[in-house]
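Everything on this sheet refers to the single structure shown next.
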Amino acid sequence: MFKKLLALLLSSALLLGAAATVGTLSAAADNESGEGETRTRYNYGLHVESDGSITLEGKPFWGFGLNYFGAFCHYEGGSLSYDDMKNAFPQIAAHNIPFVRFPLGGFYPDYYDRFYADPEAALLKMEQVLDAAAESHVGVIVSLLWWDASLPEYAGEQRAMMGDVNSETMRVAKDYVTTVVSRFVNHPAVWGWEIGNEYNLNADLCDPAFKNYVPGEGTPGFLPREHDGYDYYTADEMAVFFTELSKTIRSIDSYRLISSGNSEMRIASWHMRRASSRANKRHVWSIDWTMDNKKQFQEIVGFMTPGDTDTVSFHLQFGTPGGEAPAYVLTADRAGKYGMPLADYFKLYKETADSLGKGVFFGEFGDFFQMDSAPDMPDKLREIAGCGR
């Protein structure tokens with residue numbers, strides 16, 4: 001396996017990796033004013049070293065984990081009981097899964113209504129989930145602002161406002177992140193922070209007719225209204241958001257890794273960004289779907305990992321429903337190459353992260369959709385990952 005690769009499995013069909021303890025590396029006194037109370041900060045979780053390697057308790061770490069999306073989200077929303085939430089963690093630990101990834105937040109805008117109506121109630125539920133993880137010695141990668149569309153809607157703005165440092169969207173984002181990270185900066189279950197989930201997949205998308213790439217009519221929590229160009233956001237606006245939020249996180253937690261939460265780059269991400277930079281006065285542009293070459297791919301990965309984000313993030317699934325004949329997806333068309341083996345695609349991300357001096361966080365991995373019961377799926381997963389090469 002790759003030295004700097006963190007991999008999470010969406011499917012529980014393959015549970016690889018060694019169990020790791022959740023413990024403190026060191027403690028540092030923090031007294032910015034030099035007077036009064038001194039607060040101790042503990043260095044728990046995953047750390048990205050200056051060469052981009054990822055360490056746990058001072059030792060190089062790689063491992064397979066699990067996406068447990070509903071641990072807090074469904075528990076807070078009432079569709080998952082406390083007992084069911086808590087009892088999942090001993091089962092995860094029993095399979096030697098060292099860490100999980102999930103949001104400490106909700107999906108739709110109404111989550112923020114509930115949170116700000118009673119922040120302490122939500123924070124106590126977060127604490128219960130993290131305590132349950134810690135009891136089973138399971139680490140957590142915490143995603144903070146899951147869906148890119150929800151926060152601007154709650155703030156009464158459009159998605160492009162994530163690129164305005166003086167917007168209400170930015171103010172609420174910083175307030176929420178500050179509240180959650182400050183509360184749990186010393187919690188031993190937290191292994192790392194993630195800003196959001198797959199924001200890059202919506203960056204640089206635009207429909208001059210304002211019909212596509214926006215939340216559809218009837219989406220929970222979204223008021224019906226006419227759309228315009230500011231309902232779309234550019235990679236540059238997203239980079240401002242990532243830069244500001246990663247700075248906010250780092251100002252509170254000087255130790256743990258910070259990930260954007262991005263999915264894989266689109267086939268044309270570099271060209272799409274160049275096209276959006278030519279947006280007209282109505283914030284409208286035409287998408288350029290030209291395939292990026294390798295140099296452009298590496299450049300856009302670096303651009304979308306800005307500020308204090310020290311970990312390159314990407315997600316990738318390997319199967320797709322195909323009517324009555326679902327099939328494995330074993331290649332990708334990326335970086336100027338058609339039919340690139342996925343193992344080589346992984347190596348390209350690692351090579352890119354190495355060039356940036358950052359770690360690699362493979363945040364979603366192994367979802368074969370309809371293939372999850374196929375008897376040869378474990379072998380196909382090993383083939384995809386390049387095991388044995």
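The values are calculated or read from the model by the stated rules, or taken from the named source; none is laboratory data. Being a predicted model, the structure only gives us computed values, none of them experimental. All Cβ positions, glycine included, derive from the backbone under ideal geometry; neighbour counts span all protein chains shown. We work out accessible area using only protein heavy atoms, side chains counted, and drop any ligands, DNA or RNA first. Shrake-Rupley method; radii C 1.70, N 1.55, O 1.52, S 1.80 Å.
On the basis of being open to solvent by less than 10 Å² (accessible area, probe 1.4 Å) and not hydrophobic (A, V, I, L, M, F, W, C), does Pro90 make the cut?
When the stated conditions are applied, Pro90 does not pass them.
Quick check: is even one residue across the stretch 239-246 closer than 24 Å to Val214 by Cβ, without any contact (Cβ under 8 Å) to a residue 24 or more places away in the chain and either aliphatic (A, V, I, L, M) or surrounded by fewer than 21 Cβ atoms within 10 Å (Cβ to Cβ) (or both)?
Checked against the condition, which is being closer than 24 Å to Val214 by Cβ, without any contact (Cβ under 8 Å) to a residue 24 or more places away in the chain and either aliphatic (A, V, I, L, M) or surrounded by fewer than 21 Cβ atoms within 10 Å (Cβ to Cβ) (or both), the stretch 239-246 yields no hits at all.
Filter the stretch 52-62 for residues that are open to solvent by less than 50 Å² (accessible area, probe 1.4 Å) and in contact with a Leu (Cβ under 9 Å, 6 or more places away or on another chain) and give the result. Let's see the steps before the verdict.
Narrowing the stretch 52-62 to residues open to solvent by less than 50 Å² (accessible area, probe 1.4 Å): 52-56, 61.
Listed by number, the residues that qualify are Gly52, Ile54, Thr55, Leu56, Phe61.
Taking the options Gly36, Gly65, name whichever one is modelled with pLDDT under 95, open to solvent by less than 10 Å² (accessible area, probe 1.4 Å) and either out of contact with any Leu (no Cβ under 7 Å at 6 or more places or on another chain) or outside any loop (DSSP other than H, G, I, E, B) (or both).
Within the list Gly36, Gly65, the selection yields Gly65.
How about the stretch 218-249: which of its residues are in contact with a Gly (Cβ under 8 Å, 6 or more places away or on another chain) and either farther than 28 Å from Val140 by Cα or not aliphatic (A, V, I, L, M) (or both)?
Tyr233, Thr234, Asp236, Glu237, Phe241, Phe242, Thr243, Glu244, Ser246, Lys247
Return the residues of the stretch 138-154 that are of a type in the set (Ser, Thr, Tyr) and farther than 22 Å from Ile97 by Cβ; say none if nothing qualifies.
Residues satisfying the conditions are Ser150, Tyr154.
List the helices (runs of 4 or more DSSP H) inside the stretch 106-164, counting only whole elements, that have at least 2 residues being open to solvent by less than 50 Å² (accessible area, probe 1.4 Å) and not hydrophobic (A, V, I, L, M, F, W, C).
110-117, 150-155
Among (1) touching a Phe, Trp or Tyr at 6+ places or on another chain (Cβ under 6 Å); (2) in a helix (DSSP H, G or I), which single condition is Phe102 missing?
(2)
Of everything in the stretch 206-236 that's part of a loop (DSSP other than H, G, I, E, B), closer than 17 Å to Ser276 by Cβ and among the charged types (D, E, K, R), which residue is nearest to the chain's Cα centre (by Cα)?
Asp207
Filtering the stretch 247-262 down to residues that are polar (S, T, N, Q) and open to solvent by 10 Å² or more (accessible area, probe 1.4 Å), which residue is farthest from Met340 (Cα to Cα)?
The qualifying residue farthest from Met340 (Cα to Cα) is Ser251.
Need the failing condition index for Met371 against (1) within 17 Å of the chain's Cα centre (by Cα); (2) crowded, with 20+ Cβ neighbours inside 10 Å, just the number.
Of the numbered conditions (1) within 17 Å of the chain's Cα centre (by Cα); (2) crowded, with 20+ Cβ neighbours inside 10 Å, the odd one out for Met371 is (1).
With the structure loaded, tell me whether Ile92 is part of a loop (DSSP other than H, G, I, E, B) and under 24 Å from His137 (Cβ atoms) or whether it fails that test. Steps first, answer last, please.
Details: part of a loop (DSSP other than H, G, I, E, B): no; under 24 Å from His137 (Cβ atoms): yes.
Against the criterion (part of a loop (DSSP other than H, G, I, E, B) and under 24 Å from His137 (Cβ atoms)), Ile92 does not qualify.
Whether any residue in the stretch 173-186 is in contact with a Pro (Cβ under 6 Å, 6 or more places away or on another chain), open to solvent by less than 10 Å² (accessible area, probe 1.4 Å) and part of a helix (DSSP H, G or I) is what I want to check.
no
Test Thr331 against the criterion of being open to solvent by 20 Å² or more (accessible area, probe 1.4 Å), polar (S, T, N, Q) and touching a residue at least 24 places away in the same chain (Cβ under 8 Å), and give yes or no.
Here the answer is no, as Thr331 does not meet what is asked.
Starting from residues that are modelled with pLDDT of 80 or more and aliphatic (A, V, I, L, M), keep the ones in the stretch 301-328 and report whichever is surrounded by the fewest Cβ atoms within 10 Å (Cβ to Cβ).
The residue in question is Leu316.
Looking at Phe346, Phe362, which is the one that is assigned to a strand (DSSP E or B), touching a Leu at 6+ places or on another chain (Cβ under 8 Å), at pLDDT 80 or above and not charged (D, E, K, R)?
Step by step, each of Phe346, Phe362 is checked, and only Phe362 is assigned to a strand (DSSP E or B), touching a Leu at 6+ places or on another chain (Cβ under 8 Å), at pLDDT 80 or above and not charged (D, E, K, R).
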